[in-house]
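Colleague: Let me give you the structure first, and then I'll get to my questions.
The values are calculated or read from the model by the stated rules, or taken from the named source; none is laboratory data. Model, not experiment: these values are computed from the prediction. When we count neighbours, we look across all protein chains shown, and the Cβ atoms used for this are built from the backbone with ideal geometry, even at glycine.
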Number of protein chains: 2
Amino acid sequence: MVNPLVNSPAGPVVGMVGAGQLARMTQQAAIALGIELRVLANARDESAARVIADTRLGDYRDLGDLREFAKGCDAVTFDHEHVPTEHIRALAAEGVAVRPGADALVHAQDKAVMRERLTAIGAPCPAWSRVSSLADVEAFAEEHGWPVVLKAVRGGYDGRGVWVCASADEAREALATGIALLAEAFVPFEREIAVLVARSPHGQGVSYPVVETVQQDGICVEVIAPAPGFPAEEAAVAQRVALGIARDLGVTGLLAVEMFATRSGLVVNELAMRPHNSGHWTIEGARTSQFEQHLRAVLDLPLGSPSLAAPVVVMANLLGGPDPDVFSRYEHVLANDPGIKIHFYGKAVRPGRKIGHVTALGTDLDEVRARAHHAAVCLRGPLNG
Amino acid sequence: MVNPLVNSPAGPVVGMVGAGQLARMTQQAAIALGIELRVLANARDESAARVIADTRLGDYRDLGDLREFAKGCDAVTFDHEHVPTEHIRALAAEGVAVRPGADALVHAQDKAVMRERLTAIGAPCPAWSRVSSLADVEAFAEEHGWPVVLKAVRGGYDGRGVWVCASADEAREALATGIALLAEAFVPFEREIAVLVARSPHGQGVSYPVVETVQQDGICVEVIAPAPGFPAEEAAVAQRVALGIARDLGVTGLLAVEMFATRSGLVVNELAMRPHNSGHWTIEGARTSQFEQHLRAVLDLPLGSPSLAAPVVVMANLLGGPDPDVFSRYEHVLANDPGIKIHFYGKAVRPGRKIGHVTALGTDLDEVRARAHHAAVCLRGPLNG
C-alpha cells in the first residue's frame with residue numbers, strides 16, 4: 001500500500017518514466033489532484049518535458065538513472081513499455097512501488113509471454129505459435145491457412161513490427177529482419193474494439209465503456225465511444241474479459257485490451273498497460289479521464305467513475321502532414337466548431353506522426369463523427385505540401 | 001492582432017504574471033491547446049510554479065522584471081490585479097501585447113474608477129461616493145441611510161477591504177486605517193449572481209450561463225450553475241450588461257461581473273478581469289473551461305462554446321481547517337463519491353485559506369449540492385483540530 005503522505009506535505013509524488021504525450025496529458029490530471037508529477041525525459045524539448053516543472057533528464061535503459069529518478073516517488077509508472085524488465089525488478093527489490101510491476105508489465109512487453117499467459121487463463125486468442133524459421137511459418141500456415149500474421153515479439157507499435165503475410169515469400173522478408181517473431185492466425189474481424197480498465201493494488205477494478213477503434217495502415221485514426229450498436233451483452237463479456245486479464249496478470253494502473261469482434265465472438269489482439277490512445281476520448285468524454293484514473297490506480301486511491309459525459313464521444317488522431325505549420329490552421333478549426341476540443345502534444349510535425357488529437361461530443365453519431373473528422377482533416381492540412 | 005506563430009514553432013507563448021491557482025489551472029488548458037504557458041512567480045513553491053516548466057522568478061512590481069518576462073511572449077496576461085498600471089502602460093508602449101490592457105484593467109484595480117465608468121456607461125450601480133472623512137460618510141448616510149458599505153479603493157479581495165458600517169462609530173474604524181475609501185449604499189439583495197464573459201481583441205464576445213454565488217464572511221463558498229430558478233429574461237439582461245461592460249471598457253480576456261439580484265433589478269457589485277472563482281465550475285461543467293477561454297481570448301483565437309456539460313453543476317471551495325493533513329481525508333472523499341472532481345492548488349493548508357475546490361455534476365440540484373458540500377466539508381476536516 002502506498003501512503004501518499006510519506007514524501008511530501010504538498011501531495012503524493014508520482015514518477016513517470018518517459019516524457020511523451022501520455023505523460024504530458026497525465027500532467028493535466030496531476031495538477032487537479034495535487035499530485036506532483038515527475039518525468040524522466042531524454043531531452044528538455046520532449047512533449048511532457050515542455051510542460052512539467054519536475055522534469056529529470058536520464059536514460060530509461062540505465063538502472064542508475066532510474067534509481068536516482070525513483071528517489072522520493074510514492075509510485076513509479078510508465079509512459080511507454082520499453083524499460084528493461086530486469087531494471088523494474090531491481091527497483092522493486094529496493095522498495096520502489098513500481099506500478100505496474102515487472103510480472104504484469106512483461107505481458108505488454110513480450111507478445112509471446114502475453115499469448116502464453118492469455119492462453120493459460122482462458123482469454124480468447126487467435127491460434128499462435130513462436131516461429132524462428134520459414135519451415136515454422138509454413139507449418140503454421142499448413143494448419144491455419146494464409147495469410148499468417150507475423151509479429152515482433154518485442155518492441156513493435158503503431159503497425160511497426162507487424163507483417164501480414166499472404167505467402168511464404170512475404171514471410172521470408174519478415175524473417176530476414178532477424179527479429180524474434182511469433183505467428184498468429186489472421187482474424188477475419190468485423191470491427192475492432194478496445195476495453196480500457198483500471199486496477200488498483202488493493203484490487204479495485206473499473207471498466208470504461210467499450211469503444212470502437214478505426215485503424216488505417218496500422219495506426220488508430222478514430223475512436224468512437226460507446227462502440228455504436230455493440231450489443232450490451234457482448235460489451236459486458238468484453239469488459240469481463242478485460243477485468244479478468246487485469247486481475248489474473250496482477251495489473252496495477254491502466255490496462256487497454258484491444259480486441260477483434262468476429263462473427264464467432266471476441267479475440268484479444270493486443271495489451272497495453274498505461275494510458276492508451278483508445279482512451280484519449282475520456283479527457284472530456286468520461287467523468288474521470290484515463291490519466292486521472294491511472295494516477296489514482298498507481299497510488300492505490302479509490303478509482304473514479306468511468307461513466308460517459310455525453311451520449312456520443314468521438315476522438316480523431318491528428319497526424320502530421322507535409323506542411324508543418326499546424327497553428328496556421330488552428331484558428332479556422334476553432335472558429336468552425338466552438339465545441340471541438342483540440343489537444344496538441346507539443347511535438348514537431350512530421351508526415352504521419354501523431355501530433356495531437358481532437359474530441360467531439362454530442363448526441364448524434366453521424367454529426368459528432370463528421371465534426372471530429374473535419375477538424376482532424378483541416379489541421380492536417382493539404383496532403384500535397 | 002496576435003500572430004501566434006511569431007515566436008515559437010511549437011505554439012504560441014502566453015506569459016501570465018503571478019503563479020497562484022489561476023495560473024496553475026490555466027496550465028491544464030495550455031497543455032491541450034499546445035500553448036506554452038510561462039509564469040512570473042515570487043518563489044518556486046508557489047501554486048503554479050510547482051507545475052509549470054517555464055517558471056520565471058521575479059517581482060511583478062518591478063518594470064525590469066516584467067520586461068524580461070515579456071520577451072518572446074505572444075501575449076502577457078495576469079493571475080491577479082496587482083501589477084502597477086504604469087508598468088502595464090510601459091510594456092504596451094514597448095510593443096508587448098498586454099491583455100487586458102491598462103485602460104481596461106484599471107477598472108478592476110480601482111473601485112472608484114470602476115464606479116465612475118460604470119455610471120457613465122449606464123450600468124446599474126448602487127449609490128456611491130468617494131469619501132475621505134467621517135463628515136463625508138455621515139453626509140452619504142444622511143442621503144442613503146445606514147448601513148453604509150465602505151470599500152478600499154484599491155487592493156481588497158475575499159472580503160478584505162470591505163466594511164459594512166451600521167453607524168458612524170463603525171465608519172470611524174475603517175477611516176482610521178488611512179486607506180482611500182469609497183462609500184456605497186447597502187444593497188438589500190435577494191441573492192448574488194455572477195456573469196462570466198470573454199472578449200477577444202477583434203471583438204468577439206461570449207457569455208457563460210448566469211451562476212449563483214454563495215458567500216460566507218465575504219468569501220465565496222459555493223457556485224451553482226446555472227443559477228437555480230433564475231428567470232431566463234433576467235439572465236439575458238445580466239449577460240447583456242456583462243457583455244456591454246466588456247465592450248465599453250475594452251476588456252480582452254475574461255471579465256467576471258458579480259451582481260446583486262434585488263427586487264428592483266440587478267446591481268453590479270464587483271469586476272474581475274481574469275479567470276475567476278465563480279468560473280471554476282467550467283473546468284468540467286462547460287464545454288470550454290474559463291481557463292481555455294481566457295487563453296483563446298488573449299491570443300485573439302476564436303472563442304469556445306460556453307454551454308453547460310451537465311444540467312446542474314456545483315462548485316464548492318475547499319477552505320483550510322486547523323488540521324493541515326488534507327491528503328489523509330482525500331481517499332475517503334474519492335471512495336464516497338466516484339464522480340466528485342477534486343482540485344487541489346498545491347498550497348500549504350492554513351485555516352480559512354482557499355486550498356482547492358470540488359465540483360459535482362448531475363441532474364438533481366439538491367443531490368448535486370449535497371455531494372459538493374459533503375466533499376468540501378470532509379476535506380476541511382474537524383473544525384476543532
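Colleague: Inspect all residues belonging to segment B:81-98 and state whether any of them is in contact with a Ser or Thr (Cβ under 9 Å, 6 or more places away or on another chain), in contact (Cβ under 8 Å) with a residue 12 or more places away in the chain and over 13 Å from B:Gly253 (Cβ atoms).
Modeller: no
Colleague: If you don't mind, another one. Filter segment B:271-286 for residues that are in contact with a helix residue (DSSP H, G or I) (Cβ under 8 Å, 6 or more places away or on another chain) and not β-branched (Val, Ile, Thr); which is farthest from B:Pro126 (Cα to Cα)? Steps first, please.
Modeller: Of segment B:271-286, the ones in contact with a helix residue (DSSP H, G or I) (Cβ under 8 Å, 6 or more places away or on another chain) are B:271-276, B:279-280, B:282-283.
Filter once more, keeping what is not β-branched (Val, Ile, Thr): B:271-276, B:279-280.
On the way: B:Leu271: 14, B:Ala272: 18, B:Met273: 21, B:Arg274: 24, B:Pro275: 25, B:His276: 22, B:Gly279: 24, B:His280: 27 Å.
Here the answer is B:His280.
Colleague: Which of the residues that make up segment B:325-335 are surrounded by fewer than 15 Cβ atoms within 10 Å (Cβ to Cβ) and facing another protein chain (nearest Cβ under 8 Å)?
Modeller: Result: B:Asp325, B:Ser328, B:Ala335.
Colleague: Report, ordered by the first and then the second residue, all pairs with beta carbons closer than 9 Å, sequence separation of six or more or different chains, a first member in segment B:354-372 that is in the same structural domain as B:Gly320 (by TED's automatic domain parsing) and among the charged types (D, E, K, R), and a second member that is assigned to a helix (DSSP H, G or I) and surrounded by 19 or more Cβ atoms within 10 Å (Cβ to Cβ).
Modeller: B:Lys354/B:Gln21; B:Lys354/B:Asn277
Colleague: Between A:Asp54, A:Asp59, A:Asp65, A:Asp103, which is of a type in the set (D, E, K, R) and touching a helix residue (DSSP H, G or I) at 6+ places or on another chain (Cβ under 6 Å)?
Modeller: Numbers: A:Asp54 fails: touching a helix residue (DSSP H, G or I) at 6+ places or on another chain (Cβ under 6 Å); A:Asp65 fails: touching a helix residue (DSSP H, G or I) at 6+ places or on another chain (Cβ under 6 Å); A:Asp103 fails: touching a helix residue (DSSP H, G or I) at 6+ places or on another chain (Cβ under 6 Å).
Every option except A:Asp59 fails the conditions.
Colleague: Go through segment A:31-40 and report how many residues are in contact (Cβ under 8 Å) with a residue 40 or more places away in the chain and under 15 Å from B:Val358 (Cα atoms).
Modeller: Count: 2.
Colleague: For A:Cys378, work out the one condition from (1) without any contact (Cβ under 8 Å) to a residue 40 or more places away in the chain; (2) more than 28 Å from A:Val206 (Cα to Cα); (3) of a type in the set (A, V, I, L, M, F, W, C) it doesn't fulfil.
Modeller: (1)
Colleague: Of the residues that make up segment B:314-323, is at least one more than 12 Å from chain A (Cβ to nearest Cβ), surrounded by fewer than 21 Cβ atoms within 10 Å (Cβ to Cβ), in contact (Cβ under 8 Å) with a residue 60 or more places away in the chain and farther than 16 Å from B:Val221 by Cβ?
Modeller: Yes, segment B:314-323 contains a residue that is more than 12 Å from chain A (Cβ to nearest Cβ), surrounded by fewer than 21 Cβ atoms within 10 Å (Cβ to Cβ), in contact (Cβ under 8 Å) with a residue 60 or more places away in the chain and farther than 16 Å from B:Val221 by Cβ.
Colleague: Restricting attention to segment A:170-212, which residues are under 15 Å from A:Met315 (Cβ atoms) and buried (at least 22 other Cβ atoms within 10 Å of the Cβ)?
Modeller: A:Ile193, A:Ala194, A:Leu196, A:Tyr208, A:Val210, A:Val211
Colleague: Report, ordered by the first and then the second residue, all pairs with beta carbons closer than 7 Å, sequence separation of six or more or different chains, a first member in segment A:221-241 that is over 25 Å from A:Leu379 (Cβ atoms) and touching a residue at least 24 places away in the same chain (Cβ under 8 Å), and a second member that is among the hydroxyl-bearing types (Ser, Thr, Tyr) and not in a helix (DSSP H, G or I).
Modeller: If the second residue must be among the hydroxyl-bearing types (Ser, Thr, Tyr) and not in a helix (DSSP H, G or I), the pairs left are A:Gln239/A:Ser207.
Colleague: May I ask you to list the residues in segment B:249-274 that are of a type outside the set (Gly, Ala, Ser) and in contact with a Leu (Cβ under 9 Å, 6 or more places away or on another chain)?
Modeller: Across segment B:249-274, the qualifying residues are B:Leu249, B:Val251, B:Leu254, B:Leu255, B:Val257, B:Glu258, B:Met259, B:Phe260, B:Val268, B:Leu271, B:Met273, B:Arg274.
Colleague: Here's a follow-up. Taking A:Ile88 as the residue in question, decide whether it is closer than 27 Å to B:Ser328 by Cβ and modelled with pLDDT of 95 or more.
Modeller: Criteria not met by A:Ile88.
Colleague: Write out, first by first residue and then by second, each pair whose Cβ atoms fall under 6 Å of each other, whose residues are 6+ apart or on separate chains, and whose first residue, in segment B:102-114, is closer than 20 Å to B:Pro201 by Cα while the second is among the polar types (S, T, N, Q).
Modeller: B:Ala102/B:Thr85; B:Val106/B:Thr85
Colleague: Going by the structure shown, is B:Gly95 outside any strand (DSSP E or B) and either over 20 Å from the mean Cα position of the chain (by Cα) or more than 14 Å from chain A (Cβ to nearest Cβ) (or both)?
Modeller: For B:Gly95, the condition - outside any strand (DSSP E or B) and either over 20 Å from the mean Cα position of the chain (by Cα) or more than 14 Å from chain A (Cβ to nearest Cβ) (or both) - is met.
Colleague: Okay, moving on. Check segment B:68-90 and report whether any residue there is loosely packed, with under 15 Cβ neighbours inside 10 Å, over 23 Å from the mean Cα position of the chain (by Cα) and not basic (Lys, Arg).
Modeller: Yes, because at least one residue in segment B:68-90 is loosely packed, with under 15 Cβ neighbours inside 10 Å, over 23 Å from the mean Cα position of the chain (by Cα) and not basic (Lys, Arg).
Colleague: Ok, one more. Just checking, which of B:Val148, B:Val153, B:Val162, B:Val214 is outside the structural domain of B:Leu271 (by TED's automatic domain parsing) and within 30 Å of B:Leu365 (Cβ to Cβ)?
Modeller: Exactly one residue qualifies, and that residue is B:Val162.
Colleague: Just for segment A:298-313: of the residues that are within 25 Å of A:Ile224 (Cα to Cα) and facing chain B (nearest Cβ under 8 Å), which one is surrounded by the fewest Cβ atoms within 10 Å (Cβ to Cβ)?
Modeller: So the first thing to find is which residues in segment A:298-313 are within 25 Å of A:Ile224 (Cα to Cα), and the list is A:303-313.
After this cut, where a residue has to be facing chain B (nearest Cβ under 8 Å) as well, the list is A:303-305, A:307, A:309-310.
Values: A:Leu303: 21, A:Gly304: 25, A:Ser305: 16, A:Ser307: 13, A:Ala309: 21, A:Ala310: 19.
Of everything passing the filter in segment A:298-313, A:Ser307 is surrounded by the fewest Cβ atoms within 10 Å (Cβ to Cβ).
Colleague: Now a separate question. For segment A:107-136, enumerate the residues that are assigned to a helix (DSSP H, G or I) and either over 19 Å from the mean Cα position of the chain (by Cα) or in the same structural domain as A:Glu86 (by TED's automatic domain parsing) (or both).
Modeller: Initial filter on segment A:107-136 (assigned to a helix (DSSP H, G or I)): A:107-109, A:111-121, A:134-136.
Those that are assigned to a helix (DSSP H, G or I) and either over 19 Å from the mean Cα position of the chain (by Cα) or in the same structural domain as A:Glu86 (by TED's automatic domain parsing) (or both): A:Glu116, A:Arg117, A:Thr119, A:Ala120, A:Ile121, A:Leu134, A:Ala135, A:Asp136.
Colleague: Let me ask something additional. Condition first: surrounded by fewer than 21 Cβ atoms within 10 Å (Cβ to Cβ), in contact with a helix residue (DSSP H, G or I) (Cβ under 6 Å, 6 or more places away or on another chain) and not in a helix (DSSP H, G or I). Now tell me which residues in segment A:352-380 satisfy that.
Modeller: The one that is surrounded by fewer than 21 Cβ atoms within 10 Å (Cβ to Cβ), in contact with a helix residue (DSSP H, G or I) (Cβ under 6 Å, 6 or more places away or on another chain) and not in a helix (DSSP H, G or I): A:Gly362.
Colleague: I've got another one for you. With (1) surrounded by fewer than 24 Cβ atoms within 10 Å (Cβ to Cβ); (2) free of Cβ contacts under 8 Å to residues at least 40 places away in the same chain; (3) closer than 25 Å to A:Phe291 by Cα as the list, and B:Gly20 as the residue in question, which single condition is left unmet?
Modeller: Just one mismatch for B:Gly20, condition (2).
Colleague: Do we find that A:Lys71 is in contact (Cβ under 8 Å) with a residue 40 or more places away in the chain, of a type in the set (Lys, Arg), at negative phi and away from chain B (no Cβ under 14 Å) in this structure?
Modeller: Taking the combined requirement at face value, the residue does not satisfy it.
Colleague: Output the residues belonging to segment A:99-141 that are of a type in the set (A, V, I, L, M), crowded, with 20+ Cβ neighbours inside 10 Å and within 19 Å of A:Gly178 (Cα to Cα).
Modeller: The answer is A:Val131, A:Val137.
Colleague: Collect the residues in segment A:336-385 that are more than 9 Å from chain B (Cβ to nearest Cβ), more than 23 Å from B:Gly285 (Cβ to Cβ) and polar (S, T, N, Q), keeping them in residue-number order.
Modeller: A:Asn384
Colleague: Moving on. Hey, among A:Glu284, A:Glu233, A:Glu270, which residue is surrounded by fewer than 19 Cβ atoms within 10 Å (Cβ to Cβ) and under 30 Å from A:Val349 (Cβ atoms)?
Modeller: Values: A:Glu284 fails: surrounded by fewer than 19 Cβ atoms within 10 Å (Cβ to Cβ); A:Glu233 fails: under 30 Å from A:Val349 (Cβ atoms).
Exactly one of A:Glu284, A:Glu233, A:Glu270 is surrounded by fewer than 19 Cβ atoms within 10 Å (Cβ to Cβ) and under 30 Å from A:Val349 (Cβ atoms), namely A:Glu270.
Colleague: Looking at A:Ala23, A:Ala43, A:Ala30, which one is hydrophobic (A, V, I, L, M, F, W, C), assigned to a loop (DSSP other than H, G, I, E, B) and within 14 Å of another protein chain (Cβ to nearest Cβ)?
Modeller: Being hydrophobic (A, V, I, L, M, F, W, C), assigned to a loop (DSSP other than H, G, I, E, B) and within 14 Å of another protein chain (Cβ to nearest Cβ) holds for just one of A:Ala23, A:Ala43, A:Ala30, which is A:Ala43.
Colleague: Within segment A:50-71, how many residues turn out to be in a loop (DSSP other than H, G, I, E, B) and closer than 14 Å to B:Gln27 by Cβ? So that I can check it myself, show each step before the final result.
Modeller: From segment A:50-71, those in a loop (DSSP other than H, G, I, E, B) are A:50-53, A:58-62, A:71; that's our starting set.
Of the ones still in play, those that are also closer than 14 Å to B:Gln27 by Cβ are A:50-53.
Residues flagged as in a loop (DSSP other than H, G, I, E, B) and closer than 14 Å to B:Gln27 by Cβ within segment A:50-71 amount to 4.
Colleague: Still on this model: Examine segment A:213-222 for a residue that is surrounded by fewer than 22 Cβ atoms within 10 Å (Cβ to Cβ) and either part of a loop (DSSP other than H, G, I, E, B) or in contact with a Pro (Cβ under 8 Å, 6 or more places away or on another chain) (or both), and state whether such a residue exists.
Modeller: yes
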